[in-house]
Structure formats: C-alpha cells, structure tokens
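Here's the structure, in structure tokens; my notes come after.
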Amino acid sequence: MAREGSDDIQALIAQVARLPGLGPRSARRVVLALIRRRATQMTQLAALMARVAETSRECVRCGNIAEAELCPICADPGRANGELCVVESVADLWAMERGRAFPGRYHVLGGTLSALDEVGPDDLGIPRLLDRIAEENVTEVILALNATVEGQTTAHYIAEALEGGSVAVTGLAHGVPIGGELDFLDDGTISAALRARRRL
Ligand code: ZN
C-alpha cells in the first residue's frame with residue numbers, strides 16, 4: 001500500500017493539522033517544507049519550540065504569557081495607572097499592545113460567556129477579575145471584548161457586576177476602521193459608527 005512518509009512523519013502531520021488555521025492539506029505542505037529545510041530551519045524550530053514549552057507560563061495576575069510569575073506588563077510599576085483593559089484572549093492583548101495606545105494593565109478572560117457551551121462566570125475567572133479591581137485601586141475598566149454576540153454578552157455581564165461601584169466602565173468604540181471606505185462596511189458597522197460619532 002502506498003504511504004506518505006514514516007509513522008513519525010504521519011504523526012507530525014497529524015499534530016500540525018490540529019493547529020488553528022491549518023488542516024491536513026496545509027499540514028502536509030508545512031511538514032514537507034520543513035523536512036526539505038531540515039538542516040537550516042527544522043532543527044532550530046524544534047529547539048526553539050522545546051525551549052518555549054519549557055519557559056512559558058501564564059501570568060498569575062493577568063493571564064498573559066509570561067516567563068516569570070508576573071508578565072512584563074504586570075511587573076512594570078509604570079503600568080499601574082488605574083486603568084484595566086479586559087480582553088478575551090492573549091492574542092487580543094498582544095493586538096492592543098501593538099497599537100501602543102494603552103498605558104495600563106490587562107486582564108485576559110480566556111473566552112466568553114456561552115450558555116450553549118456551558119461557559120459561566122467562574123470558568124472565565126470573573127470573580128478573580130472583580131477581586132483585582134478592588135485590590136489594585138482600579139479607576140477605569142475598559143471592556144475591549146470582541147464585537148460578537150458572545151463578546152458583548154460578556155461585556156454586559158461584567159458591566160452589570162460593577163454597576164453602582166466607584167469604578168468607571170467603558171468599552172471600545174465600534175466604527176469605521178482607519179483607511180476604511182464606507183461603501184465596503186456592513187450596515188451594523190455603519191450604524192454603530194454613526195451612534196459613536198464625535199464633534200470634530
Ligand atoms: Zn500579567
């Protein structure tokens with residue numbers, strides 16, 4: 001019977017195919033490309049992966065990826081300015097950091113509330129978030145959750161839990177992206193942008 005590589009190669013393809021954004025077809029292409037470049041790329045990649053697996057962990061405070069108990073943002077006293085930005089994932093935290101516009105600290109939920117998938121407030125560590133807000137003298141909570149039904153449901157839940165307290169709760173504006181053209185936007189984005197209009 002015809003075979004595509006050894007058992008190990010097959011196992012490698014199966015592992016790569018489980019990664020986000022990749023399926024069996026792209027996994028085969030990735031693995032073949034790596035094997036072709038085994039001397040120049042594959043060995044270094046394997047060593048790097050082993051090292052990152054060994055050294056990376058979750059920041060005990062915010063959930064960011066860290067190499068120590070605290071991530072560099074939590075370890076930086078300059079970031080303790082009273083602003084706490086709540087995001088769904090580490091990828092979202094990194095996206096916010098790429099924007100270089102936010103000077104405060106973060107809290108990574110690791111998902112969104114979902115009745116369907118039985119994800120409740122405890123699963124997302126929302127009680128821990130509320131504790132942090134009280135302990136760290138937070139003055140403003142910025143809910144930078146995705147503009148999806150689940151993201152907005154989660155934002156509403158957190159906003160309600162903080163209602164009546166002394167902390168200001170804000171959300172990111174939804175609207176026209178930088179460089180965006182109106183004609184290409186969906187109706188929901190245009191109406192959200194109109195509602196969030198500001199004086200120039
Ligand atoms: Zn952290």
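The residue list 84, 119, 130 was ranked by how far each Cα lies along the charge dipole of the range 81-171 toward its positive end, using unit charges on Cβ atoms, and 84 comes out on top.
Computed with the Debye formula from one identical point scatterer per Cα of the chain, without solvent, the log10 of I(q)/I(0) at q = 0.12, 0.14, 0.15, 0.17 Å⁻¹ comes to -0.82, -0.99, -1.06, -1.18.
Please identify, among 90, 176, 30, the residue showing maximal mean-square fluctuation in a Gaussian network model of the chain using a 10 angstrom Cα cutoff. Most flexible of the set in this elastic network: 30. Ordered from highest to lowest accessible area with the whole protein assembly present and a 1.4 Å probe, 83, 150 read as 150, 83.
Once divided by 2.2 N^0.38 Å, the Cα radius of gyration of the range 7-54 becomes 1.14. With kT/(6 pi eta Rh) evaluated at 4 °C and eta = 1.567 mPa s, and Rh the Kirkwood radius from Cα pairs, the range 101-200 diffuses with a coefficient of 84 µm²/s according to Stokes-Einstein.
If the label point is 7 Å along Cα→Cβ of residue 94, which residues in the range 48-87 have backbone nitrogen under 18 Å from it? Within reach of a label on residue 94: 48-60, 62-68, 71-74, 87. Residues considered: 162, 182, 70. Largest GNM mean-square fluctuation over the chain, using C-alpha springs under 10 Å, is found at 182. The stretch between residue 37 and residue 198, if pulled fully straight at 0.36 nm per residue, gains 52.6 nm over its current Cα-Cα span. Placing pseudo-labels 7 Å out from each Cα toward the beta carbon at residue 114 and residue 147 gives an inter-label distance of 2.1 nm. Rounded to whole numbers, the Karplus 3J(HN,Hα) couplings from phi for the range 108-118 are 9, 6, x, x, 9, 4, 7, 5, 4, 8, 6 Hz, using 6.51 cos²θ - 1.76 cosθ + 1.60 with θ = phi - 60°, and x at Gly and Pro. Close amide H contacts of residue 107 (hydrogens built in the peptide plane, cut-off under 5 Å, sequence separation of 5 or more or a different chain): 85, 86, 87. Of all the options 41, 15, 152, the one that moves most in a Gaussian network model of the chain with Cα springs shorter than 10 angstrom is 15.
Residue 31 contributes about 0 Å² of solvent-accessible surface, heavy atoms of the protein only, 1.4 Å probe. With r defined as the distance between the Cβ atoms of residue 51 and residue 101 and R0 fixed at 35 Å, what FRET efficiency is calculated, to the nearest 0.05? Working from the Cβ atoms, E equals 0.65. Protein heavy-atom surface of the chain, 1.4 angstrom probe: 55% of the accessible area is carbon and sulfur, with nucleic acids and ligands not counted. In the context of the full set of protein chains, residues of the chain present 69 Å² of accessible surface per residue (probe radius 1.4 Å, heavy atoms only).
The values are calculated or read from the model by the stated rules, or taken from the named source; none is laboratory data. Since the structure is predicted, the reported quantities are computational estimates derived from the model, not experimental observations. FYI the Cβ positions are ideal-geometry reconstructions off the backbone, even for glycines, and counts take in every protein chain you see. Remember, those area values only see protein heavy atoms, side chains included, never the ligands or the DNA or RNA. Shrake-Rupley method; radii C 1.70, N 1.55, O 1.52, S 1.80 Å.
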